[in-house]
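Data block below; observations after.
The values are calculated or read from the model by the stated rules, or taken from the named source; none is laboratory data. Since this is a predicted model, take the numbers as computed values, not measurements. A quick note on method: Cβ atoms are made from the backbone with ideal geometry, for glycine too, and the neighbour counts reach across all protein chains shown.
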Amino acid sequence: MILALVGDNEFDKERRIGQFLDKTLGDRKDDPLARKILFATDTNVPSIADAVMEACDSCSLFAGEQTVIVRKCDALHTNDAEALASWILTKPNCQLLLEFTKLTARATKKDEGGNKSSGSLHKALKEAGTIEKYETPREWDIPKWITQHVQTDFGRRIEPMAVSYVADALGTDLAVIDSELKKILLLDPNGKEISLEQVKLMIVPQREIAAFEIREFFGDRNPQAYTKKLRELLDSGVDGIAIISALESYAVRLLHVRAMLDRHTPPKEIASKLGVNEWLFCTKLNEPRKAMNWPQPLLCRVIKHLCKLDSEIKNGICDSRMGLELSLATLVVR
């Protein structure tokens, strides 16, 4: 078995590596003689390709072959990449996993480290092995990932409102989401469903979730309710950057939804693509209606304005409460 993991989703890649070791070694996965872990960045190894082929031909006292894992394969020298490609095409009987951030079908130019991976390695892996892609979910894909993760890895259901709370409270760091959700298992080890009450009790927001409250009024383009909520948030001490971040991510989401609606994609299908609960998306929050409140060019200008305002705050250009409030109020009051 020859397997290549490609992508920037480190959390899911690490889990896949653990599954690979479990499958190939079982109870022997902790036997140092049964597995070999190499790093393509290791300058003490003259040739990674030679080390891989030698390790794959070795055996432990309890098995006929070693399981070999090569990390950070993006750093492979051209000669090593081509040597591995030629060897892989012979379809050797081995247990080998290669981990990449990027692996393209065409040879890439030299990167900052002075190395490049050959497209021949991609071709060889595609022909004689298996390539699995692990990309970090985009922000609007996080609810779908949470739902699937809870069902697949925890064997439970999770309420749609609980999914929304977790996504808004923790952002896109999958390792943090996994760690925080595991707290629920300690609270209720025999439960069948994770509720909104449980996540509110056990999960401390990693970002200012209070800023989330303003999104509904922003989506409705309701200037009175929006400016009132904006003032309440600022009066209660919510950081301006947190409000900007919440509005920016929501504006991008609305732009994404609006683009699909303009292509005549049914709202139910959009909910499925976003990985969100259909009732929550179409009825409770009615995001299709909110998206239609905003023409695409206007949303693009709003997003650009929010990015500029975020930069100005961080650089000390906009440092007054009144200036921030006026700048944010103009998003809807127009």
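When you go through A242, A251 one by one, which is the residue that is surrounded by fewer than 20 Cβ atoms within 10 Å (Cβ to Cβ) and in contact with a helix residue (DSSP H, G or I) (Cβ under 9 Å, 6 or more places away or on another chain)?
From the options A242, A251, the qualifying one is A242.
Considering only residues that are within 18 Å of K72 (Cβ to Cβ), modelled with pLDDT of 80 or more and of a type in the set (D, E, K, R), which ones fall in the stretch 109-137?
Result: E132, K133, E135.
Do you know which residues across the stretch 174-189 are free of Cβ contacts under 8 Å to residues at least 40 places away in the same chain, surrounded by 14 or more Cβ atoms within 10 Å (Cβ to Cβ) and under 21 Å from the mean Cα position of the chain (by Cα)?
Once the filter is applied, which keeps residues that are free of Cβ contacts under 8 Å to residues at least 40 places away in the same chain, surrounded by 14 or more Cβ atoms within 10 Å (Cβ to Cβ) and under 21 Å from the mean Cα position of the chain (by Cα), the stretch 174-189 yields V176, I177, E180, L181, K183.
Which residues, counting only those in the stretch 2-41, are modelled with pLDDT under 85, in a loop (DSSP other than H, G, I, E, B) and surrounded by fewer than 15 Cβ atoms within 10 Å (Cβ to Cβ)?
D30, P32, L33
Residue check: is G171 under 12 Å from the mean Cα position of the chain (by Cα), surrounded by fewer than 18 Cβ atoms within 10 Å (Cβ to Cβ), more than 30 Å from M1 (Cβ to Cβ) and not acidic (D, E)? Let's see the steps before the verdict.
On the way: under 12 Å from the mean Cα position of the chain (by Cα): yes; surrounded by fewer than 18 Cβ atoms within 10 Å (Cβ to Cβ): yes; more than 30 Å from M1 (Cβ to Cβ): yes; not acidic (D, E): yes.
In short, yes.
Between I158, I177, I214, I184, which is in the same structural domain as K284 (by TED's automatic domain parsing), of a type in the set (V, I, T) and either under 15 Å from I142 (Cα atoms) or modelled with pLDDT under 90 (or both)?
Every option except I214 fails the conditions.
Quickly run through the stretch 13-40 and pick out the residues that are under 17 Å from C73 (Cβ atoms) and out of contact with any strand residue (DSSP E or B) (no Cβ under 8 Å at 6 or more places or on another chain).
E14
Kindly indicate the residue of the stretch 316-326 that is among the charged types (D, E, K, R) and under 18 Å from R231 (Cβ atoms) and also modelled with the lowest pLDDT among those meeting that condition. Quick ask: steps written out before the conclusion?
Of the residues in the stretch 316-326, the ones among the charged types (D, E, K, R) are 319, 321, 325.
In the following step, the residues that additionally are under 18 Å from R231 (Cβ atoms) were identified as 321, 325.
On the way: R321: 73, E325: 79.
Here the answer is R321.
Rundown of residues vs (1) at pLDDT 80 or above; (2) of a type outside the set (S, T, N, Q); (3) out of contact with any strand residue (DSSP E or B) (no Cβ under 8 Å at 6 or more places or on another chain), yes/no style:
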{"position": "T265", "(1), (2), (3)": "yes, no, yes"}
{"position": "M292", "(1), (2), (3)": "yes, yes, yes"}
{"position": "K314", "(1), (2), (3)": "no, yes, yes"}
{"position": "L328", "(1), (2), (3)": "yes, yes, yes"}
{"position": "R334", "(1), (2), (3)": "no, yes, yes"}
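Taking L331, is it surrounded by 17 or more Cβ atoms within 10 Å (Cβ to Cβ) and under 28 Å from the mean Cα position of the chain (by Cα)? Before you say what the answer is, go through the steps one by one.
Numbers: surrounded by 17 or more Cβ atoms within 10 Å (Cβ to Cβ): yes; under 28 Å from the mean Cα position of the chain (by Cα): no.
No.
Quick check on the stretch 83-90. Is at least one of its residues of a type in the set (S, T, Y), modelled with pLDDT of 85 or more, assigned to a loop (DSSP other than H, G, I, E, B) and out of contact with any His (no Cβ under 6 Å at 6 or more places or on another chain)?
So far as the stretch 83-90 goes, yes, one or more of its residues are of a type in the set (S, T, Y), modelled with pLDDT of 85 or more, assigned to a loop (DSSP other than H, G, I, E, B) and out of contact with any His (no Cβ under 6 Å at 6 or more places or on another chain).
How do the pairs read when you match residues in the stretch 258-274 that are in the same structural domain as Q296 (by TED's automatic domain parsing) and closer than 11 Å to W140 by Cα with residues anywhere that are outside any helix (DSSP H, G or I) and of a type in the set (S, T, N, Q), using Cβ under 6 Å and keeping only pairs 6 or more apart or on different chains?
From the stretch 258-274, no pairs qualify.
D262: acidic (D, E) and surrounded by 15 or more Cβ atoms within 10 Å (Cβ to Cβ), yes or no?
no
Could you tell me whether S311 is free of Cβ contacts under 8 Å to residues at least 60 places away in the same chain and either on the phi < 0 side of the Ramachandran plot or crowded, with 19+ Cβ neighbours inside 10 Å (or both)?
yes
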